[in-house]
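> Just passing along the structure, written as structure tokens.
Every read-out reported here was derived from the displayed coordinates using simple, explicitly stated rules and does not represent laboratory data. Everything numeric here is computed off the predicted structure, so don't read it as measured data.
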Ligand code: TMP
Ligand code: ASP
């Protein structure tokens, strides 16, 4: 990719597209990190898998009527998206108890969370992305009540659509993280960033085996093998 590098994150680089203002190229990296970058590795092939899986999921959401920043997959490791200003908060939706909610609130691991639980985290690496409430978001994230309501409503709609999509592949959607942004000239928040096994917990519906980044976080399996298996299962249900 030859455009200007705008931003480099832990898992992606973001480039401007020459001659096409308002569009960006997301180039996935083979890097994998956990615990706010404390654990890291380079796994050749991860960029291709996350780009394929995230592109597939955004395409599905588009076909199901959800507006997102996604335009198209460009190459094995790159996708074209509409440029947005990212709102510095992460919206997490949880259907089953796992990860930080278990540690924070002492909830029985693997118990069903009905209705789904929505949590907001402040996107701030220095602070380790702390949990925050609506008032904190209003104070820190340049958002209105309407933006927060819109993000939560979209997150629940994405949850319904993803549960439908993943169930068809024999997968349980345990939880996931979304990010939103605003396109130039628009105040509306639109779904952005990626949806991949880096940002979701996905378990086999029957065995509850992990098919996501938890195998890397917990050191319980081979991330590339697991992501490949997930991709194959999603493709099989097309
Ligand atoms: P948590 O249980 O660690 O709070 O994670 C909840 C969900 O959010 C899980 O699906 C993984 C995802 N996630 C990210 O995408 N990025 C992050 O930095 C963290 C901590 C979690
Ligand atoms: N994304 C975070 C990191 O890269 C944390 C995580 O996903 O566990 O460190």
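> In square nanometres and to one decimal, what's the mean projected area of the convex hull around the Cα atoms of the stretch 59-109?
Computing the convex hull of the Cα atoms and averaging its projections yields 5.9 nm².
> Can you list, bin by bin at 10 Å, the percent of alpha carbon pairs in the stretch 128-238, starting at 0?
Result, from short to long distances: 12, 38, 29, 19, 2 percent.
> Could you grab the relative contact order for the stretch 105-213? Cα pairs under 8 Å, six or more apart, rounded to a whole percent.
RCO, the stretch 105-213: 16 percent.
> The stretch 1-41 to the stretch 166-238: how many Å between their Cα centroids?
19 Å
> Oh, and also: In whole percent, what relative contact order does the stretch 53-110 give with Cα contacts below 8 Å and a gap of six or more residues?
About 19 percent, as a whole number.
> Let me ask something else. Over the stretch 1-46, what per residue volume does the convex hull of the Cα atoms give, in whole Å³?
Cα convex hull per residue, to the nearest whole number: 76 Å³.
> What are the semi-axes of the equivalent ellipsoid for the stretch 106-190, taken as the square roots of 5 times the Cα gyration tensor eigenvalues, largest first, in whole Å?
After scaling each eigenvalue by five and taking roots: 25, 18, 12 Å.
> Starting from the exponent 0.38 and prefactor 2.2 Å, build the expected Rg for the stretch 172-224 from its residue count and divide its actual Cα Rg by it.
The value comes to 1.50.
> Just to compare against my own numbers: the Cα pair-distance distribution for the stretch 66-160, 10 Å bins, whole % per bin, please.
13, 36, 36, 14, 1
> A follow-up question, please. Working out 0.36 nm times the residue gap between residue 66 and residue 150, then minus their Cα-Cα distance, what length gain in nm do you get to one decimal?
29.0 nm
> Also, quick follow-up: Could you list, bin by bin from short to long, the percent of Cα-Cα pairs of the chain in 5 Å steps?
Computed distribution, short to long bins: 1, 6, 13, 19, 20, 20, 13, 6, 2, 0, 0.
> Counting only helical runs of four or more DSSP H residues, what would the 222 nm mean residue ellipticity of the chain come to if each run contributes -39,500 (n - 2.57) and the total is spread over all its residues?
-9500 deg cm²/dmol
> Just the Cα atoms of the stretch 1-121, one point each, no solvent: what log10 I(q)/I(0) does Debye give at q = 0.11, 0.21 Å⁻¹?
Log-scaled intensity ratios, in q order: -0.50, -1.28.
> Then there is this: With contacts defined as alpha carbon pairs under 8 Å and 6 or more residues apart, what's the relative contact order of the stretch 1-106 in percent?
Across the stretch 1-106, relative contact order equals 20 percent.
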